[in-house]
1. Between ALA419 and GLU382, take the C-beta separation as r, use R0 = 25 Å, and let me know the FRET efficiency to the nearest 0.05.
2. Show me the three semi-axes of the equivalent ellipsoid for the range 439-549, from the C-alpha gyration tensor (sqrt of 5 times each eigenvalue), largest first, rounded to whole Å.
3. Taking only Cα atoms, what is the 0 to 90° angle, nearest 10, from helix 560-571's long axis to the longest principal axis of the chain?
4. Can you pull the one-decimal nm distance between simple spin-label points at HIS633 and HIS141, each 7 Å off the Cα toward Cβ?
5. If R₀ is 56 angstrom, what is the calculated FRET efficiency for the pair ARG529 and VAL228, using the beta carbon separation as r and rounding to 0.05?
6. Can you tell me the Rg and the Dmax, both Å, for the Cα atoms in the range 405-447?
7. Rounded to the nearest 5, what % of DSSP beta bridges with both residues in the range 439-549 are antiparallel?
8. Just to be sure I understand: of the beta bridges DSSP finds with both ends in the chain, what percent are antiparallel, rounded to 5?
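Each reported figure results from applying straightforward, stated rules to the coordinates on display, with no laboratory input. Because the structure is a prediction, the values reported are computed rather than measured. Here the Cβ is made from the backbone with ideal geometry for all residues, glycine too, and neighbour counts use every protein chain on show.
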Amino acid sequence: MTIPPLAAKKPTRRVHHDDVYIDDYEWLRDKDNPEVLAHLAAENAYTDARTAHLGLLREQLFEEFTGRTQETDLSVPVREGRWWYYTRTVEGQEYGIHCRAPISGPDDWAPPVIAPASEQAPVGLPGEQLLLDDNVEAAGHEFYSLGSFDVSADGTRLLYAADTEGDERYTIRVRDLATGQNLPDVIEDTAEGALFDPSGRFLFYTTVDDAWRPDTVWRHEVGGAATVDSEVFHEPDERFWVGVGVTRSRKYLLIEAGSSVTTETRLLDADDPTGEFALVWPRRDEVEYDVDHAVINGEDRLLIVHNDHAVNFELVSVAAADPEGEQRMLLPHNEAVRLEGVDAFRDFVTAEYRRDGLTRVAVARTGAGTNELDFTELSFDEPLFTVGTGANPEWDQPTVRLGYTSLVTPSTVFDHVVATGERRLLKQQPVLGTFDASLFEQRREWAVAGDGTRVPISLVYRRDLVTPGVPAPTVLYGYGAYEHSIDPGFSIPRLSLLDRGMVFAIAHVRGGGELGRTWYDAGKKLHKRNSFTDFIDCARHLIDQGYSSPDRLVADGGSAGGLLMGAVANLAPELFAGIHAAVPFVDPLTSILDPSLPLTVIEWDEWGDPLHDPEVYAYLKGYSPLENVRETHYPRILAVTSLNDTRVLYVEPAKWVARLREVGADALLKTEMSAGHGGVSGRYAAWHERAFDFAWLIDAAGAREQHPA
């Protein structure tokens with residue numbers, strides 16, 4: 001049998017709050033060390049050898065992914081200015097091609113008809129102009145990711161930014177769309193999030209500090225040298241990120257500074273792009289707010305969604321000329337509804353919120369004669385679904401673009417006509433081959449946590465392949481951090497699991513945002529253990545209700561969800577046949593103790609500050625996956641990471657796997673050597689990566705390798 005690589009032990013001492021921790025594998029942090037690279041290569045070779053028997057299954061899965069996907073396709077065009085903008089994909093090419101075609105006239109708000117999946121896939125629209133071909137830009141690079149993409153308001157110039165390393169550092173370029181040639185403007189080492197001002201004369205962008213925190217906003221005059229760019233705003237507080245934007249009305253430029261729990265916004269009249277940004281509301285600890293510009297009853301107002309004495313947020317409006325003056329209540333706080341945001345248009349406002357663990361969208365007209373907003377919620381028939389506003393860039397558009405999906409409904413795009421309430425189906429994600437949605441069951445279960453809290457679980461499976469009460473191979477997915485919600489959505493690759501008789505379940509544990517801000521607060525800082533125990537209770541619920549059994553249940557999570565995976569592996573290894581952890585945050589204490597590392601100080605609002613608070617230190621040490629590996633029988637573990645990941649460094653899973661090997665665990669480490677936090681780039685490469693992960697999950701859960709014909 002192949003012998004696993006054993007990392008050398010080179011003990012280092014970590015001393016904080018009178019606690020001494022001996023770390024044998026901290027030396028793996030130096031990715032420029034040939035010994036480290038050799039160890040990662042040995043781990044990859046070992047993983048390849050241990051999973052070689054899954055090679056045919058991986059090929060089958062990849063063929064299923066591509067066989068169900070309309071590879072030559074076109075996104076639903078979005079109108080902006082005098083053009084319809086869209087992205088095309090071409091079979092055999094890794095990346096998208098960004099294009100536009102002219103509108104027929106000022107009243108042309110209906111996007112061009114897209115051929116259904118049963119017809120020849122479109123190759124473009126009449127009058128198409130190619131703006132950017134990502135396949136050309138990616139040539140010669142092992143990794144490519146497009147970040148910012150913005151066309152000037154007059155439609156003559158394109159700003160785009162690309163990352164070719166996976167480290168989320170971008171190079172901005174500007175293209176003359178009349179000639180198709182790039183201008184001399186090149187700005188390197190920027191963060192994501194750059195745009196033109198409405199005049200198109202300037203572009204605004206952000207750069208990062210030594211800890212890779214976006215901390216400074218710059219103004220660049222198109223045609224000028226980056227060396228003379230003007231610093232517009234600098235944020236000295238290491239807890240805050242900064243970003244720049246523009247209101248849909250194009251009346252204001254915005255600079256937003258935010259930590260996990262506090263935000264602050266500055267506005268600048270877009271007619272004066274070289275002027276000074278002015279505060280809307282000064283920052284106050286643990287008060288968050290978002291700002292949009294609206295015209296209500298002929299008056300310029302700022303719509304502000306905030307949580308000042310409103311834990312689930314409320315909506316007020318203030319005079320744009322006096323934002324700290326009188327407030328008008330538009331949507332009061334509701335303990336059962338988490339208000340997530342509003343978008344203002346010339347004639348209406350949309351609101352997005354959560355109720356009963358599901359997303360909702362409502363629309364209100366802003367007609368003359370009233371200062372109130374009367375919102376009407378849009379209704380949908382399925383018991384589980386996800387809905388949200390999509391690309392809606394135009395101030396005076398008469399429709400709202402919506403995105404809709406569920407665990408059994410492919411991604412669907414609608415236009416909602418505000419004046420009439422008509423809902424126009426524009427496109428549904430094609431699923432090639434024999435896909436019958438009626439074969440699939442989606443449902444909501446509720447596990448009961450140890451403290452009596454009811455925890456939702458979303459499930460999907462094939463009715464003809466899963467028998468109620470008979471344990472089935474099951475994937476239980478979880479995240480549970482940053483108030484990020486894992487909403488029910490469709491996945492073509494997931495069909496390959498369901499077709500093999502597997503159940504796919506999502507544990508909506510505390511720490512996420514599915515049930516509002518209090519749900520998030522109950523799974524962070526000194527309440528973080530609730531995320532782990534919720535997941536374990538969801539696993540027990542699936543076992544007790546006969547959906548699965550410990551020898552057929554596998555757990556899956558990535559990033560902060562990878563921390564969840566590492567924690568439950570230590571707390572309840574007996575419940576799982578396998579655990580898949582992607583870019584896992586499994587050495588959190590070491591990382592959060594080091595302010596020089598990317599994101600560390602920002603993370604203190606989420607996890608607590610163990611550097612200065614001994615209680616937080618002890619709490620984190622008590623659940624850190626790496627530091628709590630113990631002598632027990634662990635399930636099979638696969639950890640997948642990326643060498644250039646700047647969010648969760650590869651060293652964390654590398655150390656974790658090395659420590660697991662010490663106690664005899666069957667743990668594998670796979671490191672992508674040219675990728676970032678989101679994995680490899682390119683859709684075919686991503687499908688191959690997904691096929692690798694899925695083959696391992698199928699094998700660990702004991703599912704059938706062949707799906708029914």
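1. According to the calculation, E is roughly 0.40.
2. Numbers: eigenvalues 132, 46, 19 Å².
They are 26, 15, 10 Å, listed from largest to smallest.
3. Here the helix axis deviates by roughly 20 degrees.
4. With each label placed 7 Å out from Cα toward Cβ, I get 4.9 nm.
5. Working: r = 52 Å, r/R0 = 0.93.
Working from the Cβ atoms, E equals 0.60.
6. 14.3, 43
7. On the way: 13 of 19 bridges.
Within the range 439-549, antiparallel bridges account for around 70 percent of the total.
8. On the way: 130 of 156 bridges.
So the antiparallel bridges in the chain amount to around 85 percent.
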